[in-house]
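The values are calculated or read from the model by the stated rules, or taken from the named source; none is laboratory data. These numbers were taken from a predicted model, which means no experiment stands behind them. Counting neighbours? That spans all protein chains shown, and the Cβs are built from the backbone with ideal geometry, glycine included.
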Amino acid sequence: MQRLLIDTDPGVDDALALLMAYAHADTTIEALTISAGNVGLAHTVRNALSLVELVGAATPVFAGCAGPLVRPAEDAAFVHGRDGFGDAGLAAPRRRPEPEPAAAAMVRLARAHPGELTFVMLGPLSNLALALRLDPELPRLVRRLVVMGGAVHGHGNVSRVVSEFNFHFDPEAAACVVDAWPQLELVDWEATLRHGLAFSELAGWLAGGQQVARFYDAISIKTRDWMRLRRNLDRWHAADALAMAVVLDPGAVEQWETRPLRIELDGALTRGMSVVDWSRRTDWREQARILVRYRVERFAELVKMALTAH
Ligand code: BDR
Ligand code: CA
């Protein structure tokens, strides 16, 4: 049984990742820790609570950072909707977040279950960076760290074109985590682009499903249209869902590359960039296992399972 702590800023692709984890038989979700990112914290917390309610789980939800650690950043409401869930007009959740701050909960849970929890990071790394500052022993206590972030060849997805959203939103937090963690698994934006799912296939699962499918259809329709019509993409790219596939079934990874990784903080054009030493010129520690190829049929299967579960 895998035990996950998922840090997230839901978010349309975050929601899919969470549904995949909830639908997976050998997985339990110990906690959701929430940050701002795709949209503001009030929305991301509310979205997490709505999703927990939808799947009938009792997962505690901890609110965390309301913004990046150092400099302000723009959100991604133009992709995810002003409320982060496609402005679908969902009813307000009845559940409330826990009183404990996210970073404190991360430290407490990691200490309570040493070597047992996988931390899955689907948003900016602000909460984890704070937790690390509180407890530098954290990397030793966490079983596995999987991060969605970066654009390892500089093909990013924000206006600072070499950077990816999660690292660009809070570069100081990303640097803090990357510099401290001895081994992490990285699912970057470019891997996301290589592992798209056909829009028609997705539409079929959404049409054939029940409550979860109806929910996901409603929150994702605008993002799907934006990708298809505005970005001219021929496939659905769901970064956080791919990261979750790696968490749930690492056996379907076909290729990793392990390299040193650093985060650029100062570059006028490159702030937030993930700098990878591909040709091993430095003596930096080789701590990032970078996803190159995942079996796309398995990814599709995990998504289908999530959307057609209830
Ligand atoms: C990442 O940025 C967010 O918009 C998504 O939810 C994902 O975590 C992709 O760059
Ligand atoms: Ca996210």
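Within region 297-309, can you find the residues that are buried (at least 17 other Cβ atoms within 10 Å of the Cβ) and either over 22 Å from VAL212 (Cβ atoms) or at pLDDT below 95 (or both)?
Looking only at region 297-309, we keep the residues that are buried (at least 17 other Cβ atoms within 10 Å of the Cβ), and these are 299-300, 302-304, 306-307, 309.
Of everything in region 297-309, just one residue is buried (at least 17 other Cβ atoms within 10 Å of the Cβ) and either over 22 Å from VAL212 (Cβ atoms) or at pLDDT below 95 (or both), namely ALA309.
Kindly check whether there is at least one residue in region 200-213 that is under 23 Å from TYR294 (Cα atoms) and within 15 Å of ligand 1 (Cβ to nearest atom). No.
Restricting the search to region 262-271, which residues are small (Gly, Ala, Ser) and within 11 Å of GLY154 (Cβ to Cβ)? Of everything in region 262-271, nothing turns out to be small (Gly, Ala, Ser) and within 11 Å of GLY154 (Cβ to Cβ). When restricted to residues that are out of contact with any Leu (no Cβ under 6 Å at 6 or more places or on another chain) and part of a loop (DSSP other than H, G, I, E, B), region 19-47 contains 8. Where strands (runs of 3 or more DSSP E) sit wholly within region 54-156, those with at least 2 residues that are in contact with a strand residue (DSSP E or B) (Cβ under 8 Å, 6 or more places away or on another chain) and of a type outside the set (A, V, I, L, M) occupy 117-121.
If you check ARG133, ARG111, ARG160, ARG143, which single one turns out to be surrounded by fewer than 21 Cβ atoms within 10 Å (Cβ to Cβ), at pLDDT below 95 and not hydroxyl-bearing (Ser, Thr, Tyr)? First the steps, then the outcome.
On the way: ARG133 fails: at pLDDT below 95; ARG111 fails: at pLDDT below 95; ARG143 fails: at pLDDT below 95.
Of the residues listed, the single one that is surrounded by fewer than 21 Cβ atoms within 10 Å (Cβ to Cβ), at pLDDT below 95 and not hydroxyl-bearing (Ser, Thr, Tyr) is ARG160.
A single entry from ASP87, ASP75 fulfils the requirement of being of a type in the set (Asp, Glu) and at pLDDT 95 or above: ASP87.
Residues are listed down the side, and each one gets a yes or a no for (1) touching a Phe, Trp or Tyr at 6+ places or on another chain (Cβ under 6 Å); (2) at pLDDT 95 or above; (3) surrounded by fewer than 24 Cβ atoms within 10 Å (Cβ to Cβ):
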position	(1), (2), (3)
ASP9	no, yes, no
LEU18	no, yes, no
HIS24	no, yes, yes
ILE34	no, yes, no
GLY37	yes, yes, no
GLY40	no, yes, yes
HIS43	no, yes, yes
ASN47	yes, yes, no
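Of all residues in region 45-90, exactly one satisfies the criterion of being within 18 Å of VAL12 (Cα to Cα), touching a helix residue (DSSP H, G or I) at 6+ places or on another chain (Cβ under 8 Å) and of a type in the set (S, T, N, Q), namely ASN47.
When you scan region 175-183, do you find a residue that is under 20 Å from ASN38 (Cα atoms), at pLDDT 95 or above and within 12 Å of ligand 1 (Cβ to nearest atom), even just one? Looking for residues that are under 20 Å from ASN38 (Cα atoms), at pLDDT 95 or above and within 12 Å of ligand 1 (Cβ to nearest atom), one finds none in region 175-183, hence no. Of the residues making up region 179-201, those that are closer than 19 Å to THR8 by Cβ and touching a Leu at 6+ places or on another chain (Cβ under 8 Å) are TRP181, LEU184, GLU185, LEU186, VAL187, ASP188, ALA191, THR192.
Of all residues in region 116-130, those that are crowded, with 23+ Cβ neighbours inside 10 Å and hydroxyl-bearing (Ser, Thr, Tyr) total 1. Residues of region 157-168 that are in a helix (DSSP H, G or I) and either more than 17 Å from the chain's Cα centre (by Cα) or hydrophobic (A, V, I, L, M, F, W, C) (or both): PHE165, PHE167.
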